[in-house]
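For reference, the structure discussed in these notes is given below.
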Amino acid sequence: MDPSLVDIPPLKDLTIDNITENVHMINSRTPDPRLKYILERLVTHVHDFARETRLSTNEWMAGINFLTSVGQICSDVRQEFILLSDIIGLSLLVDSIDHPKPPASTEGTVLGPFHTHEAQHEPAGSLISHDPDGEPCLVLCTVKDTSGKPISGVKIDIWETDSKGFYDVQHADRDGPDGRAVMKSDDDGVFWFKAIVPVPYPIPHDGPVGKLLKLLKRHPYRPSHMHFMFDKQGYDHLITALYLRHDPYETSDAVFGVKESLIVELGTVNAEQATQYGVKEGSKLMTYDFVLVSDTEATKLREENAMKAMEALGRRMKLYNGLPVPDVD
């Protein structure tokens, strides 16, 4: 690029005290107000972090090497950066900000690093896990809106581990997806399938994220759970999971995903249900009524929450594409 064609303001004599304002000045040329605001806050916090901790060169290089190793271990079936985001609580924080929930709606939680797009579309009542060692579990659920009206035609992505705590993609000899499926809710908002009882398991801890957990004296375990993701035009995208009550890791989830409203107790299939759904009487039963939020509801609540948060910080802001930027008019 010809330097004469770029309008760059002259930088001042750079010091610890003025480096931040110089970076802001040179970054502020972007016409995108949201990008400008995000970079301004990112640089401010990162620079303040370095000044507050008196960050050493060796520590900064250790951080760079750590992030490099996180990227190097990522693959099509293992997302170490998502795992890192999960174990520092950032994934849950971003989901909670971007997908606010009014009272009585289903709360979201972390996606996790093992969702794939390989799951087959299956009809109601399908067996999604073929693990012979898993304890059979009938899953019977509904999907409704916040007014209690059933929602039909919702795409539901479901995934869980096998009885040993491994997802299908963690098996080198796998011959296709298992423990996962994509379904649609019927006219009554109902979807149901046959699975196995979830079990607790460790997140992958043989890589850089696992080494970090060890340094922090933290365990890598997640409580027993089953993942669900809901998608339908007109409704806010929902990523959530159901967790089993009394799991040993219920209060110390390595990725901070557990919420009280998402904890369930397994029931028992009665004789009538056994006949209706073609399962063995006495087997485990998981039930839940999911409540989706409309796009309109979510947008309104997201914008209200954003402005309240900015006001609490004492900042004069306006919305740009539904997201806050400085109000400089």
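The values are calculated or read from the model by the stated rules, or taken from the named source; none is laboratory data. Only a predicted model underlies this, so the values are computations on that prediction, with no experimental measurement involved. Cβ coordinates were reconstructed from backbone atoms using ideal geometry, including for glycine residues, and neighbour counts include every protein chain displayed.
Being polar (S, T, N, Q), within 19 Å of Gly89 (Cβ to Cβ) and not in a loop (DSSP other than H, G, I, E, B) is the filter here; which residues of the stretch 248-269 pass it?
First pass over the stretch 248-269, keeping only residues polar (S, T, N, Q): 251-252, 261, 268.
Then drop every residue that is not within 19 Å of Gly89 (Cβ to Cβ), which leaves 251-252, 261.
Listed by number, the list holds a single entry, Ser261.
Residues Pro31, Pro103: which one is of a type outside the set (Ser, Thr, Tyr), modelled with pLDDT under 95, loosely packed, with under 13 Cβ neighbours inside 10 Å and within 24 Å of the chain's Cα centre (by Cα)? Break it down into steps so the answer makes sense when it comes.
Numbers: Pro31 fails: within 24 Å of the chain's Cα centre (by Cα).
From the options Pro31, Pro103, the qualifying one is Pro103.
Do you know which residues across the stretch 141-155 are within 11 Å of Leu292 (Cβ to Cβ), charged (D, E, K, R) and touching a strand residue (DSSP E or B) at 6+ places or on another chain (Cβ under 6 Å)?
Lys144
Scan the stretch 120-137 and tell me whether some residue there is buried (at least 21 other Cβ atoms within 10 Å of the Cβ) and assigned to a loop (DSSP other than H, G, I, E, B).
Residues of the stretch 120-137 that are buried (at least 21 other Cβ atoms within 10 Å of the Cβ), as a first pass: 128-129, 137.
Remaining after also requiring assigned to a loop (DSSP other than H, G, I, E, B): 128-129.
Yes; the residues of the stretch 120-137 include at least one that is buried (at least 21 other Cβ atoms within 10 Å of the Cβ) and assigned to a loop (DSSP other than H, G, I, E, B).
Counting only residues that are in a loop (DSSP other than H, G, I, E, B), out of contact with any Leu (no Cβ under 7 Å at 6 or more places or on another chain) and closer than 21 Å to Thr109 by Cβ, how many does the stretch 140-153 have? I'd like the intermediate steps shown before the answer.
Residues of the stretch 140-153 that are in a loop (DSSP other than H, G, I, E, B), as a first pass: 145-149, 151-153.
From what's left, out of contact with any Leu (no Cβ under 7 Å at 6 or more places or on another chain): 146-149, 152-153.
Checking which are closer than 21 Å to Thr109 by Cβ leaves us with 146.
Counting residues in the stretch 140-153 that are in a loop (DSSP other than H, G, I, E, B), out of contact with any Leu (no Cβ under 7 Å at 6 or more places or on another chain) and closer than 21 Å to Thr109 by Cβ gives 1.
Considering each residue of the stretch 141-167, count those that are surrounded by 14 or more Cβ atoms within 10 Å (Cβ to Cβ) and either free of Cβ contacts under 8 Å to residues at least 24 places away in the same chain or among the β-branched types (Val, Ile, Thr) (or both), and give that number.
Total satisfying the criteria: 8.
Looking only at residues in the stretch 90-108 that are part of a helix (DSSP H, G or I) and of a type in the set (Asp, Glu), which one is farthest from Gly234 (Cα to Cα)? It would help to see each step written out before you state the result.
Residues of the stretch 90-108 part of a helix (DSSP H, G or I): 90-98.
From what's left, of a type in the set (Asp, Glu): 95, 98.
Working: Asp95: 18, Asp98: 16 Å.
Taking the candidates together, the pick is Asp95.
Could you list, in sequence order, the residues of the stretch 271-329 that are among the small types (Gly, Ala, Ser), touching a strand residue (DSSP E or B) at 6+ places or on another chain (Cβ under 7 Å) and over 26 Å from Glu40 (Cβ atoms)? Give the derivation first.
To start, the set of residues in the stretch 271-329 that are among the small types (Gly, Ala, Ser) comprises 271, 274, 278, 282-283, 294, 298, 306, 309, 312, 314, 322.
Narrowing the set further to residues that are touching a strand residue (DSSP E or B) at 6+ places or on another chain (Cβ under 7 Å) leaves 282-283, 294, 306.
Gly282, Ser283, Ser294 - these are the residues of the stretch 271-329 that are among the small types (Gly, Ala, Ser), touching a strand residue (DSSP E or B) at 6+ places or on another chain (Cβ under 7 Å) and over 26 Å from Glu40 (Cβ atoms).
List the pairs whose first member sits in the stretch 9-37 and is without any contact (Cβ under 8 Å) to a residue 24 or more places away in the chain, whose second member is of a type in the set (Val, Ile, Thr) and surrounded by 14 or more Cβ atoms within 10 Å (Cβ to Cβ), and whose Cβ atoms are under 8 Å apart, counting only residues at least 6 apart or on separate chains?
That search, which allows pairs on different chains as well, returns His24/Val43; His24/Thr44; Asn27/Val43.
Any residue at all in the stretch 165-187 that's of a type outside the set (Asp, Glu), assigned by TED's automatic domain parsing to the domain that holds Val255, touching a Pro at 6+ places or on another chain (Cβ under 8 Å) and in a loop (DSSP other than H, G, I, E, B)?
yes
Residues are listed down the side, and each one gets a yes or a no for (1) in a helix (DSSP H, G or I); (2) modelled with pLDDT under 95:
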position	(1), (2)
Val279	no, no
Thr287	no, no
Met310	yes, no
Arg315	no, yes
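Could you please find all residues in the stretch 302-329 being loosely packed, with under 13 Cβ neighbours inside 10 Å and polar (S, T, N, Q)?
Asn321
Is it the case, given these coordinates, that Pro113 is assigned to a loop (DSSP other than H, G, I, E, B) and within 30 Å of Asp289 (Cα to Cα)?
Numbers: assigned to a loop (DSSP other than H, G, I, E, B): yes; within 30 Å of Asp289 (Cα to Cα): yes.
When the stated conditions are applied, Pro113 passes them.
A quick yes/no check of all residues on (1) free of Cβ contacts under 8 Å to residues at least 60 places away in the same chain; (2) under 27 Å from Met317 (Cα atoms):
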residue: Asn58; (1), (2): yes, no
residue: Asn65; (1), (2): yes, no
residue: Leu83; (1), (2): no, no
residue: Gly89; (1), (2): no, yes
residue: Val94; (1), (2): yes, yes
residue: His115; (1), (2): no, no
residue: Ser129; (1), (2): no, no
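Which pairs do you get when a residue that is on the phi > 0 side of the Ramachandran plot, found in the stretch 242-254, comes within reach of a residue that is in a strand (DSSP E or B) and among the charged types (D, E, K, R), reach meaning Cβ atoms under 6 angstrom, with the pair 6+ apart or on two chains?
Sorted first by the residue in the stretch 242-254, then by its partner, the list stays empty.
Return the residue satisfying two criteria in turn: it lies in the stretch 154-164 and is of a type in the set (A, V, I, L, M) and outside any loop (DSSP other than H, G, I, E, B), and of such residues it is nearest to Pro204 (Cα to Cα). Explain how you work it out, then say what you get.
Going through the stretch 154-164, the residues of a type in the set (A, V, I, L, M) turn out to be 154, 156, 158.
Among the residues that remain, those that are also outside any loop (DSSP other than H, G, I, E, B) are: 156, 158.
Working: Ile156: 26, Ile158: 20 Å.
Among residues in the stretch 154-164 that are of a type in the set (A, V, I, L, M) and outside any loop (DSSP other than H, G, I, E, B), the one nearest to Pro204 (Cα to Cα) is Ile158.
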